[in-house]
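Data block below; observations after.
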């Protein structure tokens, strides 16, 4: 009996090891067939690694910029709050791309999926120009409107100008990675971001601090390192799509302008952009409320939110697996399998985020002090991270439910949920609580609003109307 148990454990270990390698190396599995648990695993592992790679960009930047003082940190924080508009648009376009490409892959229409992929890239490039031009021209004014002091407006606005001016790189990177993920090739997204991150990590200290023959560019060096790293990732993505032999390939037959597909992408992406804009503009206004308490509090919040983002992105990766599985299985005419995929993914995410939240609460001081030793910044940072970590289980469950709706192509419903929870609950509550509890009240409002959003999304998922969505 003992020998049999030992043999079974050995087999289980070998299977897990095999699946782990397959998930990272790339899989050709048909996600509309086979065991759902294995499908979730094969998609989730590279997606989690991809999200970790995405968060490393922010962590690396803020680590080196923190050496330049609280004004530099606050400039990065305010710029990040502005860049979230770019993330919103890129994320919305990526959401629409995921829904359409995954549905076409589920229907076994790979040529149509490739045509949709190319139109999504074209759409992203055109939209990015609408942000780049005003972003470059009015970056000092944007910092002033967001509460930045004169040093930030005059001496540090170069960071904001570079980041907004190069927003097209971010948008295209988002879209193409969503193409890889929705086609079931999530491992490729991870490899692209790994390459981009290695370049960013190498360039950040060199350009910020002026190591070796390079000039000391300060905060502008952080922006340039990020842009060069992300641009390298986009070049690699395009090379793979054009020259590779993946599920999606940009052959000559699909490289043409098709307004019909572009309009469909825009129509579906409006909901995704809307939900992202609602969420991210509420974040901008939250930063504006926090800015009334001084640059040290903004700096503490900036570090705390970077740590939270680092923690949430793996969870977001797991949620993205649910979106891909929902899209492909609805395309294959299997709504029951799509629903089971969401339940399995939800349990994984809930357990993961609960454990992570517990760790964050226990070691809050360690995480904040890893970035800065300024006592005026550490206090607000610790408060922000500890309070926001309480809501981690809700964040994990809520992300899966929202991504289920997005994966089905129902991007309008999450927009309405976000509008209610972030604009009608979070912002008024943050302002009111900040009057009574100081900046701590803002952090409490974030947890309450996010938890409410999760409860509503769970109710909508159980109703099941998303299964009937046609795209």
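The values are calculated or read from the model by the stated rules, or taken from the named source; none is laboratory data. These numbers were taken from a predicted model, which means no experiment stands behind them. A quick note on method: Cβ atoms are made from the backbone with ideal geometry, for glycine too, and the neighbour counts reach across all protein chains shown.
All conditions but one from (1) in contact with a helix residue (DSSP H, G or I) (Cβ under 7 Å, 6 or more places away or on another chain); (2) part of a helix (DSSP H, G or I) apply to residue 410; the one that does not is (2). With respect to the conditions (1) modelled with pLDDT under 90; (2) at negative phi, residue 229 falls short on a single one, namely (1). The test for being under 28 Å from residue 423 (Cα atoms), part of a helix (DSSP H, G or I), at pLDDT below 85 and in contact with a helix residue (DSSP H, G or I) (Cβ under 9 Å, 6 or more places away or on another chain) does not hold for residue 270. Between 242, 255, the distinction of being surrounded by fewer than 19 Cβ atoms within 10 Å (Cβ to Cβ), part of a helix (DSSP H, G or I) and over 20 Å from the mean Cα position of the chain (by Cα) belongs to 242 only. Here 360, 353 are screened, and the one residue that is within 21 Å of the chain's Cα centre (by Cα), more than 22 Å from residue 462 (Cβ to Cβ) and free of Cβ contacts under 8 Å to residues at least 60 places away in the same chain is 360. Only one of the numbered conditions (1) in contact with a helix residue (DSSP H, G or I) (Cβ under 9 Å, 6 or more places away or on another chain); (2) modelled with pLDDT under 80 is not met by residue 41, and that is (2). Is it the case, given these coordinates, that residue 388 is in contact (Cβ under 8 Å) with a residue 12 or more places away in the chain, out of contact with any strand residue (DSSP E or B) (no Cβ under 7 Å at 6 or more places or on another chain), within 25 Å of residue 275 (Cα to Cα) and crowded, with 17+ Cβ neighbours inside 10 Å? Against the criterion (in contact (Cβ under 8 Å) with a residue 12 or more places away in the chain, out of contact with any strand residue (DSSP E or B) (no Cβ under 7 Å at 6 or more places or on another chain), within 25 Å of residue 275 (Cα to Cα) and crowded, with 17+ Cβ neighbours inside 10 Å), residue 388 qualifies.
What's the total number of residues in segment 62-79 that are surrounded by fewer than 23 Cβ atoms within 10 Å (Cβ to Cβ) and in a helix (DSSP H, G or I)? Here the count works out to 7. When the helices (runs of 4 or more DSSP H) confined to segment 276-374 are screened for residues that are crowded, with 24+ Cβ neighbours inside 10 Å, modelled with pLDDT of 85 or more and out of contact with any strand residue (DSSP E or B) (no Cβ under 6 Å at 6 or more places or on another chain), those reaching at least 3 such residues are found at 295-331, 335-362. Here segment 210-225 is the region considered, the condition is being more than 17 Å from residue 77 (Cβ to Cβ) and within 27 Å of the chain's Cα centre (by Cα), and the residue that is surrounded by the fewest Cβ atoms within 10 Å (Cβ to Cβ) is 224.
Consider residue 66 carefully, then state whether it is modelled with pLDDT under 70 and touching a helix residue (DSSP H, G or I) at 6+ places or on another chain (Cβ under 6 Å).
On the way: modelled with pLDDT under 70: no; touching a helix residue (DSSP H, G or I) at 6+ places or on another chain (Cβ under 6 Å): yes.
It is false that residue 66 is modelled with pLDDT under 70 and touching a helix residue (DSSP H, G or I) at 6+ places or on another chain (Cβ under 6 Å).
Residue under question is residue 265, and the condition is that it be part of a helix (DSSP H, G or I), closer than 23 Å to residue 159 by Cα and either in contact with a helix residue (DSSP H, G or I) (Cβ under 8 Å, 6 or more places away or on another chain) or modelled with pLDDT under 90 (or both); does it hold? No; evaluated as a whole, the condition is false for this residue. Go through segment 25-35 and report how many residues are over 20 Å from residue 101 (Cα atoms) and either at pLDDT 75 or above or over 24 Å from the mean Cα position of the chain (by Cα) (or both). Number of matching residues: 2. For segment 426-434, does any single residue satisfy the condition of being at pLDDT 90 or above, within 21 Å of the chain's Cα centre (by Cα) and either part of a helix (DSSP H, G or I) or under 20 Å from residue 95 (Cα atoms) (or both)? Scanning segment 426-434 turns up at least one residue that is at pLDDT 90 or above, within 21 Å of the chain's Cα centre (by Cα) and either part of a helix (DSSP H, G or I) or under 20 Å from residue 95 (Cα atoms) (or both). Against the conditions (1) in contact with a helix residue (DSSP H, G or I) (Cβ under 6 Å, 6 or more places away or on another chain); (2) farther than 17 Å from residue 265 by Cβ; (3) crowded, with 22+ Cβ neighbours inside 10 Å; (4) in contact (Cβ under 8 Å) with a residue 40 or more places away in the chain, residue 207 satisfies every one except (4). Scanning segment 226-239 for residues that are free of Cβ contacts under 8 Å to residues at least 60 places away in the same chain and either crowded, with 17+ Cβ neighbours inside 10 Å or more than 23 Å from residue 183 (Cβ to Cβ) (or both) yields 228, 232, 236. As for segment 161-169, it holds no residue that is buried (at least 23 other Cβ atoms within 10 Å of the Cβ), at pLDDT 85 or above and within 30 Å of residue 329 (Cα to Cα).
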